[in-house]
Structures are given as structure tokens and as C-alpha cells.
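For reference, the structure is listed below as C-alpha cells.
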Amino acid sequence: MEEKTERTKIILDTDIGDDADDALAICLAVKSRELDILGITTVFRNTAARAKIAVSLLRELGREDIPVYAGLGKPLVEAADVTAVPKQLFPEMEQLPYERSMDAVEYLRRTLTGAKEPITLVTIGPLTNIGVLLYLHPEVKKNIREIVMMAGAYYMHYRELNVRSDPEAANIVFTSGLPIRAVGLDVTTRCQVDDRLVDLLANCGKPGTKLLSQLLLCYRENRGRHTFLHDPMAVFAVFDRDLLEFSGEDIQVELRGEHTRGMTFNRFQIGFGSDRQNIRCAKQVQAEEFKKAFTKIITS
């Protein structure tokens, strides 16, 4: 008899539509036996368009039962074009329906409030939805098991996109006191998509893989290179305990500075002590083993 695996309940918060790694992460989450996706929320700029892309991918994966809610498009302080159409919104996606009964923040509030067991939030975009949720409804913290995020850079000096797109929201999350496991550019840039993976996805005939290959090619045509496995690594970190090594750190988000606004500043790295015990950052990854495990799951 096959042993039953306890599945971690997650909500995935994504800015799908610009980089193709969000779609890869959603596919990985759907196909991972260890995870139970309760819903998907979209964030940053045109969140309605992003919701349609997510719905399209879920249809291809045979998971129309997973609801998709559009979230906040504008960062807390800075301006953003909420009408900009993501490159990966293909014409056939434009009329697809998503959940309009409430926005992402209200969905998160209701789901967490009514949860019988803690839920893991997996964030693979700017942290606007989660920051606003925690600011307006701090009572939901008791029902959050942990936040696993793709965001920041902790052992290098770099303004990673998800943090710099809304530093104030990121600061709310990092200072929330919640358990956080952060997967940053320190490890994700060691794992890049290559032509072989694109060809495999295009030809393997498994649910969702052809659309994934199209999204990857769209990204390469617009950026001149293949994407890295940034967001899939955060999803993988939810259930993997072997291929990623985490270290407790004291992380602060820089909110000022002409060249440093949005940087994740690691106080441990420059010798300051800390009493924070809740933030752990990915420091090492077994890159080749991760890529093999990732490929095996999404082509299953």
C-alpha cells in the first residue's frame, strides 16, 4: 500500500506574466504531491491580466478547481502602470474569467481566518498583497504557518526586483515576526533554464508543458536570454529539506538611499548581533540536483 504523504496547504502569490519562472513555479506546485494549493493571488501592476494568465495555465494543467484572485497593482508608495499588458498575456487568454467576488487581500483574510490549520504563504512577486494584509489584519498571523518567499539577496549587495518594487510592503513582512524562509538571488542565479529544458517541455506531451515552453520562448525573445529558476526554487523550498541550506539572519529592508532603496541588508554579515530568530535565508543549493528534481516533477 502506498504511504500517504501529508500535504502542506499553501496560497501562492504571484506576478506571473513578465518572467516565465512564475509559470514554472505554479506548475511545480500543482504537480508536487507534497503541496495542496488552496488558491492563487496576483500582485503588481496589471493584476487582472496576470490572473488571466494564471487561469490559462491552470486550465492546461487540469486544475480549474484552484481559484485565482487579482490583487493590488500599485505599490504602497511609488507609482506603477496598472494598465500595462504583460508580454505573456496571449490573445487567447484575454477573455478568460477569474474570481471577481473579492480581491486578493480579502480572499487571503477570509481563508486564513477560517483555516482549521495554519497555511503557508508562498510569495513569488512583490510583497504588496501580503504587506497590506498583515498591516490591516494582523489577527491572521496566528493562522500563517510560515512565509516562503522568492525575494531579496542576502549574501551579495543587490536590489532584487520583488523587494525593490515595493520596499515598504517588504518591510512590513520582514518585521512581522512571522517565520520567514527567504530564497534570494544568492542561490537562484545558480540555476538557469536552457534550450534542452525548453525542447523537453515542448515535446513531452504532459499537461501544461507546451504552454510553459511557449512562455519560456516569449521571455527569451523579449529579454535575449533564458530565465533562471528563481520562483520554482521557493516553491521547492516549502517541502524540500535536503537540497537547500538555510541560515538564520537579521534582515532589514533599506527604505531610503539613492542607490540602495529596496536592498535587503543583512546585519549578521557585517558583524552585528541580533535577537531575531524568525528569518532564515537560503545560503547554499545543490544546483544540479535541484534542476534534476525540478525537471522530473514538471514533466510528470
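The values are calculated or read from the model by the stated rules, or taken from the named source; none is laboratory data. None of these values were measured; they are calculated from a predicted model. With ideal geometry, Cβ positions are generated from the backbone for all residues, glycine too; neighbour counts draw on all protein chains shown. Ligands, DNA and RNA are excluded from the accessible area calculation, which covers all protein heavy atoms including side chains. Shrake-Rupley method; radii C 1.70, N 1.55, O 1.52, S 1.80 Å.
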Could you tell me which residue of the range 221-241 is least open to solvent (accessible area, probe 1.4 Å), considering only residues that are in contact with a helix residue (DSSP H, G or I) (Cβ under 8 Å, 6 or more places away or on another chain) and more than 17 Å from V122 (Cβ to Cβ)? T227
Search the range 8-32 for residues being touching a helix residue (DSSP H, G or I) at 6+ places or on another chain (Cβ under 9 Å) and open to solvent by 10 Å² or more (accessible area, probe 1.4 Å), and hand back the single one that is farthest from D231 (Cα to Cα). T8
Matching residues in the range 183-205 - criterion: being surrounded by fewer than 17 Cβ atoms within 10 Å (Cβ to Cβ) and outside any helix (DSSP H, G or I): T189, Q192, D194, C204, G205
Please tell me if E106 is open to solvent by 30 Å² or more (accessible area, probe 1.4 Å) and over 23 Å from E139 (Cα atoms). no
In this structure, is E146 touching a residue at least 12 places away in the same chain (Cβ under 8 Å), of a type in the set (D, E, K, R) and part of a strand (DSSP E or B)? yes
Can you name every residue in the range 145-177 that is over 17 Å from D15 (Cα atoms), open to solvent by 10 Å² or more (accessible area, probe 1.4 Å) and not basic (K, R)? E146, Y155, M156, H157, Y158, E168, N171, I172, T175, S176, G177
Against the definition (assigned to a helix (DSSP H, G or I), of a type outside the set (D, E, K, R) and open to solvent by less than 40 Å² (accessible area, probe 1.4 Å)), how does Y69 come out, yes or no? no
Test for F246: is it at pLDDT 95 or above and of a type outside the set (V, I, T): yes
Single residue of D186, D199 found to be acidic (D, E) and touching a residue at least 24 places away in the same chain (Cβ under 8 Å): D186
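Based on what the data block shows, is L136 more than 22 Å from C27 (Cβ to Cβ) and open to solvent by 50 Å² or more (accessible area, probe 1.4 Å)? Don't jump to the end; show me each part of the working.
On the way: more than 22 Å from C27 (Cβ to Cβ): yes; open to solvent by 50 Å² or more (accessible area, probe 1.4 Å): yes.
Yes, satisfied.
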Examine the range 131-140 for a residue that is assigned to a loop (DSSP other than H, G, I, E, B), farther than 28 Å from A287 by Cα and free of Cβ contacts under 8 Å to residues at least 60 places away in the same chain, and state whether such a residue exists. yes
In the range 253-273, is there at least one residue being modelled with pLDDT under 95, open to solvent by less than 30 Å² (accessible area, probe 1.4 Å), closer than 15 Å to A182 by Cα and not small (G, A, S)? yes
Before we move on, is R45 more than 18 Å from L161 (Cβ to Cβ) and open to solvent by 10 Å² or more (accessible area, probe 1.4 Å)? no
